[in-house]
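The structure under discussion appears below in the form of structure tokens.
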Amino acid sequence: VEVLLSRTTGELGPSCHSSWHAAFKKCQLIFDPSSLDAAAQQNFYSIISPHVDPEAVFAFGQGPGSPSLMANPRVVGLNFACPDAASGKMVEIVRQRSTEESVLSAVWSFTLETQKRLPLLADASSSLLLPRVLAAFFRAAMSEVLNNGLSFAELDKAVRNLGFSTGPFQLADLYGIAAMACAVKEEGKRVGSSEAGSGEVLDALLAAAAFGVASGAGFYVYPNGQASGKAKGVNRAALKLIRDHTKSERAKTKGASGPKQAASRVMWAVVVSAVCCWEDGVVASAEILDTALVVSLGWPPFRGGGPLAYVDELGREPSAKEMTSLGLALPKAMTRSDLASFRRPGSTSL
């Protein structure tokens, strides 16, 4: 990034980098996925914007954070979901109140035609769907590993046996350990529960430069890096990190759940998170939410076609009973007497 900025601003000499200046002038979309805090985003925009077309669109990972960028009609958020080849690709486009329709149209076309990904429109006033549900998926899985003495590879396999295209730990590698760590921390703040073990393990992996598929190691090892995304075995360093954490007081319930029950609890944690997202109006409809989680999370399509449809298929009362039996907190929507179905016409969130 430093080299890019120096080339852009001409600090190394305009004669060497005139081609870069010309190239930036032609850019229609400038995407900065790495600057997640408001100050870094504002700094990036301040340095780059003088060198691009005034009509160019700026996009930031998970959305702009500073007030001035939020008010800019040509700034949006782009949250690239997990690059899981088995279940497809998706991008959340985060719209601000000030975002121009022409900007949305341009970003929508870029997502579909250039990136070959399915766009999902999210409103900046609500939390992002994909990081929120991915975090719930991972937090539930890590809780099972730390509290019940299961190996993460064993749990990943059990979750895949339920029909998911990818287990939660390999999904973390694909999504990126840093991005998952950020999502887990934000979800912890939202629900008022830190789940310290999840964050500690992810932070330790980051400290060991195990960033996931991109670096060749995360919870698993990937000899070919991003070229294939196929794991060639578990990362022994990750095994040791988890063993160290399970030596704490949390590990006293070892053996309380087998892989099948643990995987079921993880799956239903995703359902609970999906229902809560629907309650909060994170996306426009249950159909969009279900489609997004089939495509990006790898939810088993044969289970209703999505977590909300799965509840409709099983019935709210049996679903609520299952959640309770697994020790999960019931979302408000599960006890609403006026709600017959999440997906029926006219059904709206709280």
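The values are calculated or read from the model by the stated rules, or taken from the named source; none is laboratory data. Keep in mind the model is a prediction, meaning the values are calculated, not measured. Reconstructed Cβ throughout: ideal geometry from the backbone, glycine too, with neighbour counts over all protein chains shown. Heads up: the accessible areas ignore ligands, DNA and RNA and are worked out on the full protein's heavy atoms, side chains in. Shrake-Rupley method; radii C 1.70, N 1.55, O 1.52, S 1.80 Å.
Quick one: which residues, 5+ away or cross-chain, put their amide H under 5 Å from the amide H of GLY212? H built at 1.01 Å from N.
The answer is ILE177, ALA217, GLY218.
Give me a comma-separated list of calculated 3J(HN,Hα) values for region 202-217, in order, Karplus coefficients 6.51, -1.76, 1.60 applied at θ = phi - 60°, integers in Hz, x for any Gly or Pro.
Computed from phi, the couplings for region 202-217 are 5, 4, 5, 5, 5, 4, 8, 6, 9, 9, x, 4, 4, 9, x, 7 Hz.
Tell me, what HN-Hα J-couplings in whole Hz come from the Karplus equation 6.51 cos²θ - 1.76 cosθ + 1.60 at θ = phi - 60° for each residue of region 135-140, using x for Gly and Pro?
5, 5, 4, 5, 4, 5
Relative contact order for region 283-340: what percent, with Cα pairs under 8 Å and sequence separation of 6 or more?
Across region 283-340, relative contact order equals 19 percent.
So, R0 is 25 Å and r is the distance between the beta-carbons of ALA209 and ASN43; what FRET efficiency does that work out to, to 0.05?
Once rounded, the FRET efficiency stands at 0.50.
Once you have the Cα-Cα distance between THR324 and ALA340, take 0.36 nm times their residue separation minus that, and quote the gain in nm to one decimal.
Full extension of this stretch gives 3.8 nm more.
Between PHE302 and VAL191, what FRET efficiency comes out of the Förster formula 1/(1 + (r/R0)^6) with R0 = 35 Å and r the beta carbon distance, rounded to 0.05?
With a Förster radius of 35 Å, E is 0.75.
Once phi is turned into θ = phi - 60°, what whole-Hz ³J(HN,Hα) does the Karplus curve with 6.51, -1.76 and 1.60 give for every residue of region 109-121, x standing for Gly and Pro?
Working through the residues one at a time gives 5, 4, 5, 6, 8, 8, 7, 6, 10, 8, x, 10, 7 Hz.
At 0.36 nm per residue, minus the direct Cα-Cα distance, what do GLU317 and THR114 gain on full extension? Give it in nm, one decimal, please. Before the final figure, lay out the partial values.
Details: separation 203, 0.36 × 203 = 73.08 nm, distance 4.43 nm.
Taking 0.36 nm per residue and subtracting the Cα distance, the gain is 68.7 nm.
Ordering ARG343, ARG265 by accessible area with a probe of 1.4 Å, largest first, what comes out?
Order by accessible area, largest first: ARG343, ARG265.
For PHE31, what residues show an amide H to amide H distance below 5 Å, using hydrogens built from the backbone and excluding near sequence neighbours?
The list, which skips near neighbours in sequence, is ALA59.
All other residues with a Cβ under 12 Å from the Cβ of LEU330 taken together, and with Lys, Arg as +1 and Asp, Glu as -1, what is their net charge?
Local net charge: +1.
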